[in-house]
1. Do any helices (runs of 4 or more DSSP H) lying entirely in segment 1-70 carry at least 2 residues that are aromatic (Phe, Trp, Tyr) and touching a strand residue (DSSP E or B) at 6+ places or on another chain (Cβ under 9 Å), and which ones are they?
2. Can you tell me which residues in segment 72-108 are surrounded by 14 or more Cβ atoms within 10 Å (Cβ to Cβ), under 20 Å from residue 51 (Cβ atoms) and at pLDDT 85 or above?
3. Are there any pairs with C-beta distances below 8 angstrom linking a residue in segment 16-30 that is closer than 14 Å to residue 45 by Cα to a residue that is aliphatic (A, V, I, L, M) and buried (at least 16 other Cβ atoms within 10 Å of the Cβ), with the two at least 6 apart or on different chains, and if so which?
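The values are calculated or read from the model by the stated rules, or taken from the named source; none is laboratory data. Note that the structure is a prediction, hence the values are computed from the model and not measured. Neighbour counts run over all protein chains shown; Cβ positions are idealised from the backbone, glycine included.
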Amino acid sequence: MKQLTTKEEEIMGFFWKEGPLFVKELLTFYDEPRPHFNTISTIVRILENKGFVSHETFGNTYRYFATISEEEFHKGTLGNVVCKYFNNSYLNIVSAFVEEEKISLEELRELIKNVRKS
């Protein structure tokens, strides 16, 4: 899955939360001073080129919509992180969390117990 910039992910958040939107509607989610229409339009077209949004035509304008769910995006992003930084091993991630004391052994035991119940 292709990665998104912070601004691209922010705009995808609007699509995931609100559904299909015109670029003009996207601008209403920003406080003053709002980004320029052309800036948002360019980012949306980049998202379309990356395959994250598509559009339907209304006269001479487009209404854009997400083609990937937020859950699919998060799963793909996690997969990219695992592949890039942890040698494609979820075990390496858990080991890193334990070594850096981000998760205790008791929490790890609880996680194993919960997984076994599933």
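1. 6-18
2. The one that is surrounded by 14 or more Cβ atoms within 10 Å (Cβ to Cβ), under 20 Å from residue 51 (Cβ atoms) and at pLDDT 85 or above: 73.
3. Once the first residue is closer than 14 Å to residue 45 by Cα and sits in segment 16-30, its partners that are aliphatic (A, V, I, L, M) and buried (at least 16 other Cβ atoms within 10 Å of the Cβ) give 23/40; 23/44; 26/11; 26/40; 26/44.
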